[in-house]
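Rule-based calculations on the coordinates, nothing more; no lab input. Everything quoted here is computed from the prediction, not taken from an experiment. Cβ placement follows ideal geometry from the backbone for every residue including glycine, while neighbour counts extend to all protein chains displayed.
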Amino acid sequence: MTLRPQLQAILGDLVTHPKVQETRHHLHHNVPKHDHLMRSARWSYRIAGLLKADRRVCARAAILHDLDSRNGDWATHGWIAANVAADIGESTLVCRAIVPHMFPLGPAPKSREGWVLVIADKLASLADMGDFVAGLLSGRSLRRRDKLRESDPYYRGNRRRRPAAA
Ligand SMILES: [Fe+2]
Ligand SMILES: [Fe+2]
């Protein structure tokens, strides 16, 4: 998935970051987690413009919002991803937007940028599902899912295990 120039300018350093790159091999909503993060970033950027939120904060929060999500559950993985973002050097505004992205599971956002990410994440998740369903007939979706289960450390060698986190 490629980003348009405006988003590339905001996200260039994060797109190439190893923590983001590794998500190409992680399974999330039956698609590569990287696809989910890119879709979230696109939606976040777009919605931020509509809601007059900080586009840079929204896009950067979106591309990081599910990193290491397997280390938490539905309600807590926002904290985990926010800590990863802080380790990378992101601002408090970005981290604070990431924490409540699973609302209404977990805390409500306290910033405009947090609300943008809540909406963007839901829309991206729907698009993930649409992508998966669209590829069912050709077999593309199931082949890709099997491949991701092989490459995702969460599944590797533990195929019967099912994810606890989004
Ligand atoms: Fe999430
Ligand atoms: Fe997400």
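General remarks:
- Cα-based convex hull, the chain, per residue volume (Å³, whole number): 106
- Only the Cβ atoms of Lys and Arg (+1) and of Asp and Glu (-1) were treated as charged; on that basis the dipole of the chain about its Cα centre amounts to roughly 420 debye.
- In the chain the longest region clear of trypsin sites (Lys or Arg not before Pro) that are loop-assigned by DSSP and have at most 16 other C-beta atoms within 10 Å covers 53-109.
- The stretch between ASP87 and MET129 holds 12.1 nm of extra length on full extension. This uses 0.36 nm per residue minus the Cα-Cα distance.
- Sparse-neighbour loop sites [chymotrypsin sites (Phe, Trp or Tyr not before Pro); segment 1-105; at most 15 other C-beta within 10 Å; DSSP]: TRP74
- For the chain, the relative contact order is 26 percent, taking Cα pairs closer than 8 Å that sit 6 or more residues apart in sequence and dividing their mean separation by the residue count.
- Whole-Hz ³J(HN,Hα) from phi, Karplus 6.51 cos²θ - 1.76 cosθ + 1.60, for segment 8-22, glycine and proline x: 4, 5, 7, 10, x, 5, 7, 4, 8, 5, x, 5, 7, 4, 5
- Phi-based couplings in Hz for segment 63-77 (Karplus 6.51, -1.76, 1.60; Gly and Pro marked x): 6, 10, 5, 10, 5, 6, 4, 5, 7, x, 10, 3, 8, 10, 5
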